[in-house]
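Structure first, commentary second.
Taken together, the values in this text are just the output of simple stated rules run on the coordinates, not laboratory data. Everything quoted here is computed from the prediction, not taken from an experiment. Note that we place each Cβ from the backbone using ideal geometry, even for glycine, and neighbour counts take in every protein chain shown.
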Amino acid sequence: MIISGSNPVHVQQAVEALCAGELLGLPTETVYGLAADASNESAVAKIFQAKGRPPNHPLIVHVASANSVHQFASDIPDFAQKLMSQFWPGPLTLILPRREEMAAAAAGGQNSVGLRCPSHPLALEVLKACAAKGVWGLAAPSANLFGRVSPTSAAHVQSEFGDSLLILDGGECEVGIESSIVDCTRGVPVLLRPGQISRTQIEQACGLKLVNPETLNSEAPRASGTLESHYAPTAKVRLMSTTDWQKALAAFVPHVQNLALWSVQKPSFELLGAGLVWRAMPSNATQAAHDLFSVLRDFDSRGVRTIWIETPPPTPEWEGVRDRLNRAAA
Ligand code: TXA
Ligand code: MG
């Protein structure tokens, strides 16, 4: 059931559900999360069950402010502190060493914990109200079935889990792709997942170069968002250069069927409507990230079989979008 985030009675209802060990579809500025009390093992088990996610894949724990980090983390390196001061509340998750007695189930049994303070006003309001009741963190993976496209609206969440899930409507997510994740447990910052906050911004804020996970030879932490095939719609996704899709389209005419195209360049007019669904890809990376998952969902809902996507530019601000597109196409 979708309840309105602008109605204080509904927000209260959402807080009470969480404190009672129930699940909630929670809006954040990145994507919607499937939230539960991070310290309540049976509540956390409901997340894994609802998502169909393997129980050893750790969840991000959301907190009301940097002050709550000590509830879950045993040690905060200097550079992690700098990242928190610079980017929280906001779309950045830090992996920190976990206090042994805290949130073991949410952390998938690892001795680290992923922490994030989101900037969505409604998420902060809920987190603060929960903290006031002694619930210091909300475990919340993206509110989609395992391996599927992340939801950026309350309606998307409902289409994943049905009407029995309580979903707090906070409107469309502003960022549209999941948080950047920096592992802070290895002495140097390691970028596990790119997001809206860019590599350069992270390096500038902490004064250290980011290390790529592939260059570390120890066993990498399990991160579903880093599996090669992830964020996948039902239709088959192909990344193509502008010239490639234009040539391919010209070759297929007039047999184009069940095909969708997301591109900056508009295809020739006479093809539209026939067997081709087209949506304009913004030429600005921030706007493209905002649109990405809802465009994929929209294509899926129209029953297309194939999705062609114009390869984004190889520039740093597109790293988050490129990452999600490569996984959707894998
Ligand atoms: O923007 C976001 O991060 C959204 C919103 C809801 O906050 N959440 C999200 O959660 O994307 P999820 O579970 O779909 O992705 C979280 C990623 C996973 O790849 C998970 O494995 C990784 O974070 N992660 C969480 N805790 C970790 C840990 N202790 N060590 C390594 N990776 C961890
Ligand atoms: Mg996810």
Task: Column: log10 I(q)/I(0), Debye, Cα scatterers of the stretch 124-213, q = 0.13, 0.22 Å⁻¹ - done: -0.64, -1.12
Task: Cα pair count fraction exceeding 33 Å, expressed as % - the stretch 2-215 - done: 9 percent
Task: Dipole axis of the chain (+1 Lys, Arg; -1 Asp, Glu on Cβ), positive-most option in CYS130, PRO313, PHE87 - done: PRO313
- [ ] May I ask you to compute the full-extension gain from ALA232 to SER268, defined as 0.36 nm times their residue separation minus their alpha-carbon distance, rounded to one decimal in nm?
- [x] 10.2 nm
Task: Reachable lysines from LYS82, criterion Cα separation under 19 angstrom, eight or more residues apart if same chain - done: LYS209
TODO: Choose one of LEU276, GLY5, LEU34: the residue whose Cα lies farthest towards the positive end of the charge dipole of the chain (beta-carbon charges +1 Lys, Arg; -1 Asp, Glu; about the Cα centre).
DONE: LEU276
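Where the only charges are on Cβ atoms (+1 Lys, Arg; -1 Asp, Glu), what is the dipole of the stretch 236-329 about its Cα centre, to the nearest 20 debye?
Approximately 280 debye in magnitude.
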Open item on the list: Cut-off is 10 Å between beta-carbons; in what order do LYS236, LYS82 appear when sorted fewest neighbours first?
Closed with: LYS236, LYS82
- [ ] Rounded to the nearest 500, what is the 222 nm mean residue ellipticity of the chain from helices alone, with -39500 (n - 2.57) per DSSP H run of 4+ residues and division by all residues?
- [x] -9000 deg cm²/dmol
Task: Least to most buried among TRP262, TRP88 (fewest other Cβ within 10 Å first) - done: TRP88, TRP262
- [ ] Taking a cut-off of 28 Å between Cα atoms, list the lysines near LYS266, but don't count ones fewer than 8 places away on the same chain.
- [x] LYS236, LYS247
Open item on the list: Can you find, among TRP262, LEU249, ALA288, the residue sitting farthest towards the positive end of the charge dipole of the stretch 236-329, where Lys and Arg contribute +1 and Asp and Glu -1 at Cβ?
Closed with: LEU249
Task: Cβ-derived FRET efficiency at R0 35 Å, GLN204 paired with SER74, nearest 0.05 - done: 0.80
- [ ] Would you work out the charge dipole size for the chain about its Cα centre, treating the Cβ of every Lys and Arg as +1 and the Cβ of every Asp and Glu as -1, and quote it to the nearest 20 debye?
- [x] 560 debye
Task: Cβ-based net charge around VAL304, under 14 Å, with every Lys or Arg adding one and every Asp or Glu removing one - done: +4
Open item on the list: Please give the Cα centre distance for the stretch 288-330 versus the stretch 231-253, rounded to the nearest Å.
Closed with: 12 Å
- [ ] Give me THR242, THR234, THR152 ranked fewest to most by other Cβ atoms within 10 Å of their Cβ, as a rough exposure proxy.
- [x] THR242, THR234, THR152
